[in-house]
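A quick write-up on the structure given underneath.
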Amino acid sequence: MQPQPQPSHWPQRLYLVRHGQSQGNVARDLSEAQGLATIGIDTRDVDVPLSPLGHDQANAAGRWFAALPDHEKPEVILSSPYLRARQTAQAICEAGGLAGGRARTIVDERLREREFGVFDGLTALGIRQRYPEEAAHRARLGKFYHRPPGGESWADVILRLRSAMNSINLHYSGRRVLIVCHQVVVLCMRYVLEELDEEQILAIDKSADILNCGICAFDFAVQELDCAPRLALWNHSAPLEEQGAPVTAAPDQMAGSR
């Protein structure tokens, strides 16, 4: 007698979307190009909005989701509490990107951007100038485990994402879920779902920055004893290319620093 497949406690499909280009991304690129120590934006990171281009990207992503067949559209949308992520989620909802029409975005603080602590608002040059000992410590330890004073390491982000996935599995088992979040969160979700190690996830990070409004998707195929996540889409730029929105991939502060 063949063993019966075990019921899945995972979502049917999990979409991960990084927010559209933010005004912080623009300010960071300009500051780095000018060799400045600070990023030059006074707004709290949580309140940094999308740039005009970021709004275009979010609208393009929304139209891409809206064009999916109903059986592929996400049914639930979760978002980081940061404004740029919530604006991206709202654009997807308003475009009809969710099955069943426009829906309320569920905000979960565990999906927030990595907290940079004393490094917040500084370029790589600024960190070396103002905190040389901490910069040297980071270089020795590596960014996966290094925690800036008052901030988080990648490992800290992973701990809260494991909790978030437990909640998703509990409340949205068998459903199609879309998460709108940040570059490091997307990478750390891959670490969790694919059971990667430090070397593997840092190699993925080094290969390319996560695109603003790029699409990542995991499917969960029920097997005899377990339900294994399968990466179906990674850093997928088609939504932007099809809708004519420029493709950008600026890191979030030190999040993408190689």
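The values are calculated or read from the model by the stated rules, or taken from the named source; none is laboratory data. The structure presented is a predicted model; accordingly, all values stated were derived computationally and were not measured. So basically every Cβ, Gly included, is an ideal-geometry build from the backbone, and we count neighbours across all protein chains shown. Accessible surface areas use protein heavy atoms only, side chains included; no ligands, DNA or RNA. Shrake-Rupley method; radii C 1.70, N 1.55, O 1.52, S 1.80 Å.
Which shape class applies to the stretch 1-143: rounded if a/c is under 1.5, otherwise prolate when a/b exceeds b/c and oblate if not, where a ≥ b ≥ c are the square roots of the Cα gyration tensor eigenvalues? Can you show the working numbers first?
Working: a/c = 3.08, a/b = 1.63, b/c = 1.89.
Oblate.
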Could you order the peptides 127-137, 10-20, 167-177 from most to least packed, using the average number of other C-beta atoms within 10 Å per residue?
10-20, 167-177, 127-137
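Looking at the chain, what % of its DSSP beta bridges pair antiparallel, to the nearest 5?
Values: 14 of 26 bridges.
Of those bridges, close to 55 percent are antiparallel.
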Roughly to the nearest percent, how much of the accessible area of the chain is carbon and sulfur, given a 1.4 Å probe?
49
What residues qualify as long-range amide H neighbours of E115, i.e. H under 5 Å apart, gap of 5 or more or another chain, H built at 1.01 Å from N?
E152
Separation of alpha-carbon centers, the stretch 52-127 and the stretch 14-39, rounded to whole Å
16
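Once a ≥ b ≥ c are taken as the square roots of the eigenvalues of the Cα gyration tensor of the stretch 42-109, is the result rounded (a/c under 1.5), prolate (a/b larger than b/c) or oblate (a/b not larger than b/c)? It would help to have the intermediate numbers written out before the result.
Details: a/c = 3.39, a/b = 1.65, b/c = 2.06.
Oblate is the answer for the stretch 42-109, as a/c is 1.5 or above yet b/c matches or exceeds a/b.
Using a simple charge model, +1 on the beta-carbon of Lys and Arg, -1 on the beta-carbon of Asp and Glu, nothing else, what dipole does the chain show about its Cα centre, in debye to the nearest 20?
260
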Rank by packing, highest mean first: peptides 27-37, 240-250, 83-93, with packing defined as the count of other Cβ atoms within 10 Å averaged across residues.
83-93, 240-250, 27-37
Roll a 1.4 Å probe over the protein heavy atoms and report the accessible area of D56 in Å², nearest 10.
80
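Quick check for you: with a 1.4 Å probe and neighbouring chains kept, what is the accessible area per residue of the chain, in Å²? It would help to have the intermediate numbers written out before the result.
Working: 11680 Å² over 258 residues.
With the other protein chains kept in place, the chain gives 45 Å² per residue.
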Sum -39500 (n - 2.57) across every DSSP H segment of at least 4 residues in the chain, then divide by the residue count to get the 222 nm mean residue ellipticity, nearest 500.
-12000 deg cm²/dmol
Taking amide H positions as placed 1.01 Å from N in the peptide plane, with prolines and chain starts having none, which residues 5 or more places from I39, or on another chain, fall under 5 Å of its amide H?
L122, T123
Taking H as built 1.01 Å from N, whose amide H comes closer than 5 Å to the amide H of N235, not counting residues under 5 places away?
I215, C216
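Filter the chain for me: DSSP H helices, axial length by Cα at least 30 angstrom, mean Kyte-Doolittle hydropathy not below 1.0. List them by residue number.
Membrane-span-like by this rule: not one helix.
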